[in-house]
Each structure stands twice: as C-alpha cells, then as structure tokens.
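One structure is given below, encoded as structure tokens.
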Amino acid sequence: MAVQRTLSIIKPDAVAKNVIGDIIRRFEENGLSVIAARMTHLTAEQAGRFYAVHRERPFYRDLCAYMSSGPILALVLEGKNAVALNRQLMGATNPAEAEPGTIRADHADSIEANAVHGSDSEENAATEIAFFFGDLDIHARA
Ligand code: CMP
C-alpha cells in the first residue's frame, strides 16, 4: 500500500462541540499522521470555491453558508492508503447511514453538519490540500 496524503476538514459543528481532539485521536490511532494543520474561518465565497464541484447541486448554497458559519480545522493527513482509510474512519456522508463507531456516527448531526470532510481521491486530495496549504506548511513524516 502506498503512502498517500489527504485533506481532512473538521467542520464548524465538530469544532463547536469541542471534539477536535477526539477526531485527531482516531486518525492517529489508525496510522494517520497530521503533517499540516490550520484553523480558519472561511467566507461563503471561499467555501463556494472549495466546493465548486457541487455548484449545480441543490444543497450548494446551504453548504457554503454552513461551512462559513464558524471556524474549521483543515488538516493534511499522511499514511498508508490515507484517502480510503480517512473515508472509512469518517463513515457515510449521511450520519444516519454511517457505520457505528465512525466519526460521523458518533459526532455528526445531519448530512450537512456532518463533522468532517475528506478528499475522495488522491487527485482531489492534491487540489484540496493546495487550497489551504503551501509546500512550506507541510511536514512529511513518512
Ligand atoms: P462533504 O464530504 O464535505 O462533501 C460535500 C458536502 O455536502 C457533504 O460532505 C455534506 O455535508 C453536504 N451535503 C449537504 N446535503 C447533501 C446531500 N443531499 N448529498 C450529499 N452531500 C450533501
């Protein structure tokens, strides 16, 4: 299995619940390392750029409003098979469908306020990482 990097976002609902530490613990205990971290509060315009691939979806406006409603923590995670492993730890997008013991099953309130975001491919991970971080912000450990 190749070492990969992926972008994780701890979303406004999870930051507000003060469960940043619990979420990062799950990453670390499952073989992922945090190699960059940045807390920020996106504007709706910035959230719209990040989620541009969803711009035609009916939930796009609400998603941008929600993602700009409070601070988030953007992380770069590194580890073997990091893209798929992160998605496994997150659970399904809709927390009602998330496997027990996943981050979304334990912390998400709704399909919108669903605690975390994770890149869905290595290619998208590279784009999403570059949205938040420059090369000098990233500290490889593998
Ligand atoms: P995320 O993994 O961050 O990617 C896009 C987000 O859109 C998704 O998580 C959800 O929080 C949000 N979203 C809101 N409504 C829907 C929906 N009906 N289907 C998929 N994603 C949705």
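The values are calculated or read from the model by the stated rules, or taken from the named source; none is laboratory data. Since the structure is predicted, the reported quantities are computational estimates derived from the model, not experimental observations. For neighbour counting, all protein chains shown are included, and Cβ atoms are generated from backbone atoms with ideal geometry for every residue, glycine included. The protein model used for the area step is the full one, side chains on, heavy atoms only, and it has no ligands, DNA or RNA in it. Shrake-Rupley method; radii C 1.70, N 1.55, O 1.52, S 1.80 Å.
Across region 83-88, in residue order, what do the Karplus-derived ³J(HN,Hα) couplings come to in whole Hz, using 6.51 cos²θ - 1.76 cosθ + 1.60 with θ = phi - 60° and x for Gly and Pro?
In residue order, the calculated couplings are 5, 5, 4, 4, 5, 5 Hz.
Restricting attention to the alpha-carbon atoms of region 1-67, what are Rg (one decimal) and Dmax (integer), both in Å?
When restricted to Cα atoms, region 1-67 yields Rg and Dmax of 14.2, 38 Å.
Would you tally the net charge around residue 14, using a Cβ to Cβ cut-off of less than 11 Å, leaving residue 14 out, and scoring K and R as +1, D and E as -1? Please report the intermediate quantities before stating the final value.
Details: positive: 11, 17, 104; negative: 13, 22, 106, 109.
That sum, taken over residues with Cβ under 11 Å, equals -1.
Assign one of three labels to region 4-130, namely rounded, prolate or oblate, based on the Cα gyration tensor with a ≥ b ≥ c the square roots of its eigenvalues; rounded applies when a/c is under 1.5, prolate when it is not and a/b is larger than b/c, and oblate otherwise.
Numbers: a/c = 1.43, a/b = 1.22, b/c = 1.17.
Verdict is rounded for region 4-130.
Please compute the contact order of the chain in relative form: average sequence separation of alpha-carbon pairs under 8 Å and at least six residues apart, divided by the residue count, as a percent.
Values: 256 pairs, mean separation 53.6, N = 142.
Computed value for the chain: 38 percent relative contact order.
So for each of 3-11, 26-34 I average, over its residues, the number of other beta carbons within 10 Å; can you give me the resulting order with the highest mean first?
Values: 3-11: 22.7, 26-34: 16.0.
Those peptides, ordered most packed to least, come out 3-11, 26-34.
Taking Rh as the Kirkwood radius, which is the inverse of the mean 1/r over Cα pairs, what is the Rg/Rh value for region 84-134? Show your work: numbers first, answer last.
Values: Rg = 11.8 Å, Rh = 11.4 Å.
Expressed as Rg/Rh, it is 1.04.
Enter the accessible area per residue of region 1-89 (Å², integer; probe 1.4 Å; all protein chains in place). Don't jump to the answer; show the numbers that get you there.
Numbers: 4480 Å² over 89 residues.
Normalised by residue count, the accessible surface of region 1-89 is 50 Å².
Report, in deg cm²/dmol and to the nearest 500, the calculated mean residue ellipticity at 222 nm for the chain, where each DSSP H run with n ≥ 4 adds -39500 (n - 2.57) and the sum is divided by the residue count. Mind dumping the intermediate values first?
Values: 7 runs with 55 residues, N = 142.
Dividing the helical sum by the residues of the chain leaves -10500 deg cm²/dmol.
Of 66, 60, which has the most accessible area with a 1.4 Å probe, and how do the rest follow in descending order? Present the calculation step by step, with values, prior to reporting the outcome.
Working: 66 30, 60 50 Å².
Descending accessible area places them as 60, 66.
Quantify, in whole percent, the carbon and sulfur part of the accessible surface of the chain (1.4 Å probe; protein heavy atoms only). Each step should come with its number before you reach the end.
Values: 3640 of 7440 Å².
Answer for the chain is 49 percent, counting heavy atoms of protein chains only.
Taking θ as phi - 60°, what are the ³J(HN,Hα) couplings along region 60-67 by the Karplus curve (6.51, -1.76, 1.60), each to the nearest whole Hz, with x for Gly and Pro?
Taking θ as phi minus 60°, the curve returns 4, 4, 5, 4, 5, 5, 5, 5 Hz for region 60-67.
Restricting to DSSP loop positions (anything but H, G, I, E, B) with no more than 15 other Cβ atoms inside 10 Å of their own Cβ, which trypsin sites (Lys or Arg not before Pro) remain in region 28-77?
Values: sites: 38, 49, 55, 61; in loops: 55.
Of the trypsin sites (Lys or Arg not before Pro), the ones in loops of region 28-77 whose Cβ has at most 15 other Cβ atoms within 10 Å are 55.
Between residue 138 and residue 39, what is the FRET efficiency for a Förster distance of 25 Å, r being their Cβ-Cβ separation, to the nearest 0.05?
Details: r = 16 Å, r/R0 = 0.64.
Efficiency at R0 = 25 Å is approximately 0.95.
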